[in-house]
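The next block holds one structure in the form of structure tokens; read it before the comments.
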Amino acid sequence: YEPLRVVDISADACEQNRVLLTDEQLRAFPQASAAYRLLRSKLQQGVKRNGWFSLGVSSPTPDDGKTTTILNVALSIAREKQRTVCVIDLDMRNPSIFKYFGLPDVRSIADYLQGDAKAEDVIVQTSVRNLVVAGTLNAVDGASEMLAGPRFEQLLEYIRDRWPDSIVLLDLPPVNVTDEALVVAPRVDAMLLVVSEGKTQRSDLERALGVLSDYRVAGVIINRSSDFHVAKYDNYSM
């Protein structure tokens, strides 16, 4: 395989976006770190038990914290150094993974989905061992149509071939806002929903679960759970 471009994750950007990157951050927010480790363990148990490879992560509505959740869980898995984690930003109308990580200009995944780039052009190796990412810095039109094409599944096949023991986490737009999650759901192993305690309405969660009722929903992650009292960082339980 062609070598991937290596990019440095910005500690400052992570701090601004509640992403626990450094050992100092992990020590400063032990309850948040413990919550992500718990979620990591539960997720990996499900992956092992069911043979899952790809997981779509969405939410009922915007601002439920799905991107923060995905990145913190991905970092937690990568720290174990047991498998490669590939995080792909498919919320192309409102991309945020590159911003949260403070990554430099990286070629857009839209170029791959449109057939204008190879997988090696859009997947980058981060400065965290075992963590690779792909996405876009700028909003992309026609996201649903691009994801409906064959290139999306070909990208998953490439990742599986290159990193046989990897897990892919796909950051998707909110289920109740647009149709990208529905386009992707039948082509991944399972879906996860992130909800925000005190914000997500029960009716919105019920609607999202209804929309995804034909597909496997692996679980619901509760963001900002009152079970954990953390001053600055969100917490998650499953």
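Structure remark: mean-square fluctuation, Gaussian network model of the chain, C-alpha springs under 10 Å; the largest value among Leu131, Leu170, Leu38 belongs to Leu38.
Please list log₁₀ I(q)/I(0) at q = 0.18 Å⁻¹ for the chain, using the Debye equation with identical point scatterers on the alpha-carbon positions. Result of the Debye calculation: -1.54.
Inverting the pair-averaged 1/r between distinct Cα atoms of the stretch 67-132 gives 12.6 Å as its Kirkwood hydrodynamic radius.
Below 8 Å between Cα atoms, with a sequence gap of 6+, how large is the relative contact order for the chain in percent? Dividing the mean separation by the residue count of the chain yields 30 percent. Between Asp89, Asp189, Asp165, the GNM of the chain built on Cα springs shorter than 10 angstrom shows Asp165 fluctuating the most. Scanning residues 5 or more positions from Val194 or on other chains, those with amide H under 5 Å from its amide H are Ser58, Ser59, Ile221, with H placed 1.01 Å from N in the peptide plane.
Note the full-extension length gain between Val217 and Ala148 as 0.36 nm times their separation in residues minus their Cα-Cα distance, in nm to one decimal.
Values: separation 69, 0.36 × 69 = 24.84 nm, distance 2.02 nm.
Stretched fully, the Val217-Ala148 segment lengthens by 22.8 nm.
Here Lys48 is the anchor, and the lysines within straight C-alpha reach of less than 22 Å, apart from those fewer than 8 places off in the same chain, are Lys81. Note: relative contact order over the stretch 72-123, using C-alpha pairs below 8 Å and six or more positions apart, is 19 percent. Computed from backbone phi, the HN-Hα couplings of the stretch 20-37 come to 7, 9, 8, 4, 4, 5, 5, 6, 6, 10, x, 5, 5, 4, 5, 5, 5, 5 Hz, rounded to whole numbers (Karplus: 6.51 cos²θ - 1.76 cosθ + 1.60, θ = phi - 60°; Gly and Pro given as x).
Rounded to the nearest 500, the helix-only mean residue ellipticity at 222 nm of the chain stands at -11000 deg cm²/dmol, with each DSSP H run of n ≥ 4 adding -39,500 (n - 2.57). Considering the chain as a Gaussian network with a 10 Å cut-off on Cα pairs, which listed residue, Ala185, Ala78, Ala28, attains the greatest mean-square fluctuation? Evaluated over the chain, the most mobile residue of the options is Ala28.
Could you do me a favour and compute the accessible area per residue for the chain, 1.4 Å probe, result in Å²?
44
For the stretch 152-216, state the semi-axes of the equivalent ellipsoid (square roots of 5 times the eigenvalues of the alpha-carbon gyration tensor), sorted largest first and rounded to whole angstrom.
Equivalent-ellipsoid dimensions as semi-axes: 27, 13, 10 Å.
Please give the length that would be gained between Arg207 and Asp63 if that part of the chain were fully extended, namely 0.36 nm times their separation in residues minus their C-alpha to C-alpha distance (nm, one decimal). Let's see the in-between values first.
Numbers: separation 144, 0.36 × 144 = 51.84 nm, distance 1.68 nm.
Length gained, Arg207 through Asp63: 50.2 nm.
With a Förster radius of 30 Å applied to the beta-carbon distance between Glu157 and Ala28, the computed FRET efficiency rounds to 0.15.
Among the listed pairs Lys66/Lys99; Lys66/Lys199; Lys42/Lys99, those with a Cα-Cα distance over 20 Å are Lys42/Lys99. Here's the list of aspartates and glutamates a cross-link from Lys118 could span, going by alpha-carbon distance under 12 Å and ignoring same-chain residues fewer than 8 apart: Glu2. Computing the accessible area with a 1.4 Å probe over protein heavy atoms, can you report the carbon and sulfur percentage for the chain? Carbon and sulfur together cover 44 percent of it.
The values are calculated or read from the model by the stated rules, or taken from the named source; none is laboratory data. Quick caveat, the model's predicted, so the values are computed rather than measured. Every residue, glycine as well, gets a Cβ built from its backbone with ideal geometry; the counts of neighbours run over all protein chains shown. Protein only, heavy atoms only, side chains kept; ligands, DNA and RNA dropped before computing areas. Shrake-Rupley method; radii C 1.70, N 1.55, O 1.52, S 1.80 Å.
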